[in-house]
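Down below is the structure, laid out as structure tokens.
The values are calculated or read from the model by the stated rules, or taken from the named source; none is laboratory data. Everything numeric in this text was worked out from a predicted model, so none of it was measured. Because the Cβ atoms are built from the backbone with ideal geometry, glycine has one as well, and the counts that use them run over all protein chains shown. Just so you know, the surface numbers come from the protein's heavy atoms only, side chains and all, with ligands and any DNA or RNA stripped out. Shrake-Rupley method; radii C 1.70, N 1.55, O 1.52, S 1.80 Å.
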Amino acid sequence: MNFARHFASDNYAGICPEVFESFAQANRNHAPSYGADEWTAKAVNDIRDVFETECAVHFVFNGSAANSLILSSMCDSFGAVVCHEFGHIANDECNAPGFFRHGLSLLPTQSANGKLTPELVEATALRRTDVHAPKAQAVSVTNATEVGTVYTVSELGAVGEKAKSLGLKMHLDGARFSNGVASLGVAPADITWRVGVDAMCFGGTKNGMGFGEAIVIFSAELAENFDYRVKQSGQLASKHRFLSSQWHGFLQNEVWLRNARNANAAARRLRAGLEGVPGVRIAFPTEANAVFAYLPPKMADALLASGRKFYTDVGPNGCARLMCAWDTTFEDVDGLVEQVRTLAV
């Protein structure tokens, strides 16, 4: 079978029209390089408007660089970051934080539904405080999480308050931040700097952009000299406007929220369709754009053999991850659900 859209990853999706048009406009004339262009200035102001505050903004090529540069600015070489065991920094970044800050280590912990709690943060950070162990200096949360759940305002506030009491900086991996905001229906500021986040990766690639993420720094201390970190790491694009212009199209007229709402709605429809199918069991709450489901092995094999694409190594114990994207249609969802039901017979 040939499928126009897949459920393996929201990275599979193309560029949404508004972003593509903004990119094309930036291509029509010459412009100053290395971020001294009008497109970058517009995008920075757009992001400040979204978060309702002054903040430092840097555009980099991908989320691994964004997360790693932020964490390397938060920690010493003997430092460590408290994170969830499913966190992208723990599983999918090839120890990039430790590369950007040589010696930096991670302190992964386990919890239900992919979320850290104040109690877990404290227990993990204080497990060892002697000079022979790495010193906890930061906590990293992911919202929406890697298993498709979303921290509430109060949950993030509690983690932020605990981090502050322990002297830890707070990092937010927001690769799917748009989906989290769309799910909660709150102001972006309410789940970032107002609850103690010092710096974050604001993701666009998984929600309609072609490439590039934004580093958003709310702490003046961390913002100092950060431009040198970006340059030294090879993340300062010479034709910078092709990173930043996408953000102008992405953020204007709430395109980013519209895209995320569609992906979230498609995931809810997919979950509803899979519930009750014999042999299928949903693993986590569906609060953003991901559905995690245990599929019978023969069903999973048949789906993959038919040309369907999805991952079984992201969640626990071979659980299938089914991602919806900004361009996933209800017809796409219904087609997958019908195929699953047929295979369950």
Selection within the range 297-316 - in a loop (DSSP other than H, G, I, E, B) and touching a strand residue (DSSP E or B) at 6+ places or on another chain (Cβ under 7 Å): F310, T312, V314, G315
Residue check, A96 more than 15 Å from A199 (Cα to Cα), open to solvent by 10 Å² or more (accessible area, probe 1.4 Å), in contact (Cβ under 8 Å) with a residue 24 or more places away in the chain and among the small types (G, A, S): yes
- prompt: Restricting attention to the range 317-328, does a residue exist that is farther than 18 Å from M1 by Cα, without any contact (Cβ under 8 Å) to a residue 60 or more places away in the chain, in contact with a helix residue (DSSP H, G or I) (Cβ under 9 Å, 6 or more places away or on another chain) and not in a loop (DSSP other than H, G, I, E, B)?
  reply: yes
- prompt: Taking into account only those residues within the range 211-232 that are in a loop (DSSP other than H, G, I, E, B) and within 21 Å of the chain's Cα centre (by Cα), which is farthest from W193 (Cα to Cα)?
  reply: F211
- request: Taking V345 as the residue in question, decide whether it is in contact (Cβ under 8 Å) with a residue 40 or more places away in the chain and not hydroxyl-bearing (S, T, Y).
  value: no
- prompt: For the range 53-63, which residues satisfy the criterion of being surrounded by 21 or more Cβ atoms within 10 Å (Cβ to Cβ) and of a type in the set (G, A, S)?
  reply: G63
- request: All but one of (1) in contact (Cβ under 8 Å) with a residue 60 or more places away in the chain; (2) within 16 Å of the chain's Cα centre (by Cα) hold for T152, so report the exception by its number.
  value: (1)
task: Answer yes or no: is there a residue in the range 106-116 that is within 24 Å of T286 (Cβ to Cβ), part of a helix (DSSP H, G or I) and free of Cβ contacts under 8 Å to residues at least 12 places away in the same chain.
output: yes
message: Checking the structure you have, find out if any residue of the range 260-275 is assigned to a loop (DSSP other than H, G, I, E, B), farther than 29 Å from F100 by Cα and at pLDDT 95 or above.
response: yes
statement: A careful count of residues in the range 15-52 that are open to solvent by 40 Å² or more (accessible area, probe 1.4 Å) and either touching a His at 6+ places or on another chain (Cβ under 6 Å) or not aliphatic (A, V, I, L, M) (or both) gives 19
query: Mind checking which residues of the range 1-47 are touching an Asp or Glu at 6+ places or on another chain (Cβ under 6 Å) and at pLDDT 95 or above?
result: A13, A31
